[in-house]
Amino acid sequence: YNTGNSIMTFGDTTVLTVGVYICTEGTCVSSQEMLVTNDLHGDINCENDNASCILDGEEERRVMEVYGTSQSKLSIRSITFKDGKADRGGGIFIRGGGIFINAIVDLHL
């Protein structure tokens, strides 16, 4: 059970504390992406079931990129993806794998 130390192991559950997460606080994987998973499965959830955990790309980067899920399921639940920016998949970009998403994606067309 992971409570947000940026380390998630295979099959783990990570629970985000309610709040807005941004990269300008220096907590992201790179200047182009907030979060990246590679062949990782498990659960990423907000502690409240109302999408009040907000991952904000600040209109500068992709919020999340998923590279496969090791032939298992990655579940993302009750998280808001906001203001992501990329050529493809500004909110979330999925490259293969089994993923279940119950989230809010803030779309600007």
(message) Name the residue that is surrounded by the most Cβ atoms within 10 Å (Cβ to Cβ), counting only residues in region 63-73 that are at pLDDT below 85 and out of contact with any Lys or Arg (no Cβ under 7 Å at 6 or more places or on another chain).
(response) T69
(message) With open to solvent by 50 Å² or more (accessible area, probe 1.4 Å), assigned to a loop (DSSP other than H, G, I, E, B) and at pLDDT 80 or above as the only criterion, which of N48, N5 stands out?
(response) N48
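The values are calculated or read from the model by the stated rules, or taken from the named source; none is laboratory data. As the structure is a computational prediction, the values presented were derived from the model and not from experiment. When we count neighbours, we look across all protein chains shown, and the Cβ atoms used for this are built from the backbone with ideal geometry, even at glycine. The accessibility values were calculated without ligands, DNA or RNA, using every heavy atom of the protein model including side chains. Shrake-Rupley method; radii C 1.70, N 1.55, O 1.52, S 1.80 Å.
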